[in-house]
Amino acid sequence: MLSNSSKYALKGVLYLAVNASESNKILAKDVAKPINAPVAYTAKLLQELGRHGIVSSVKGPYGGFYLTEENMETRLIKIVDVIDGEQRLRSCMLSISECDDDNPCPLHHLIGDIKNTFIKNLEETTISQMVAEIGKGKCVLPL
């Protein structure tokens, strides 16, 4: 359901949220390795997220990426929507444009509730909530 780009973006943002701060900025190349993503692509994703206010950055010799308290309150759905577009998660799994509750594709009822719950969870969960879950050991993030 998530593109590789969204997966990289989510992992990158969570990596920054756990490891970076305004006084400890992290370069894109240092984010790429732990999230197992190409360096240039990681830089491109982080720059795009920065343009949408999801991550913060500073250029120059002491520059890099980090998250502010405001960034930490971003909902996860915004990350996915910025990277993949708002319709990717909400569109038909078989890419049938006419698919809806009244005109379902063969997979519509198999995944409909699961997909709706997943989207709702992304809409309700913030970066800071995920960081808290990581901190409590309820989930892991390779660091």
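Just so you know, all these numbers are worked out from the coordinates, no wet-lab data involved. What you see is a predicted model, and the numbers here were worked out from it, not measured in a lab. Because the Cβ atoms are built from the backbone with ideal geometry, glycine has one as well, and the counts that use them run over all protein chains shown.
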**Item:** Distance from the stretch 1-53 to the stretch 108-135 (C-alpha centre basis), Å
**Value:** 20
**Item:** Stretchable slack from Cys92 to Ser3, in nm (0.36 nm times residue separation minus alpha-carbon distance)
**Value:** 30.6 nm
**Asked** Roughly speaking, what is the stretch gain from Asp100 to Ser23, that is 0.36 nm per residue apart minus the C-alpha to C-alpha distance, in nm to one decimal?
**Response** 22.9 nm
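Distances longer than 17 Å among the Cα atoms of the stretch 44-98: what percent of all pairs is that? Before the final figure, lay out the partial values.
On the way: 701 of 1485 pairs.
Roughly 47 percent, once rounded to a whole number.
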**Request:** List, in order, the whole-Hz ³J(HN,Hα) value for each residue of the stretch 111-128 obtained from phi through the Karplus relation with A = 6.51, B = -1.76, C = 1.60 and θ = phi - 60°; use x for Gly and Pro.
**Result:** 10, x, 5, 5, 5, 4, 5, 4, 4, 4, 5, 5, 5, 9, 9, 9, 4, 4
**Request:** Using only Cα atoms, figure out Rg for the stretch 4-92 and give it as a multiple of 2.2 N^0.38 Å.
**Result:** 1.03
**Request:** Could you give me the radius of gyration and the Dmax of the stretch 29-143, taking only the C-alpha atoms into account and expressing both in angstrom?
**Result:** 17.2, 57
**Request:** Read phi for every residue in the stretch 62-77 and hand back ³J(HN,Hα) as whole Hz from Karplus 6.51 cos²θ - 1.76 cosθ + 1.60, θ = phi - 60°, with x for Gly and Pro.
**Result:** 10, x, x, 9, 6, 10, 8, 4, 5, 4, 5, 8, 5, 7, 4, 4
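Below 14 angstrom from the Cβ of Thr68, what's the summed charge of the other residues (Lys, Arg +1; Asp, Glu -1)? Spell out each step's value before the answer.
Details: positive: Lys25; negative: Glu22, Glu69, Glu70, Glu73.
Around Thr68, the surrounding residues sum to -3.
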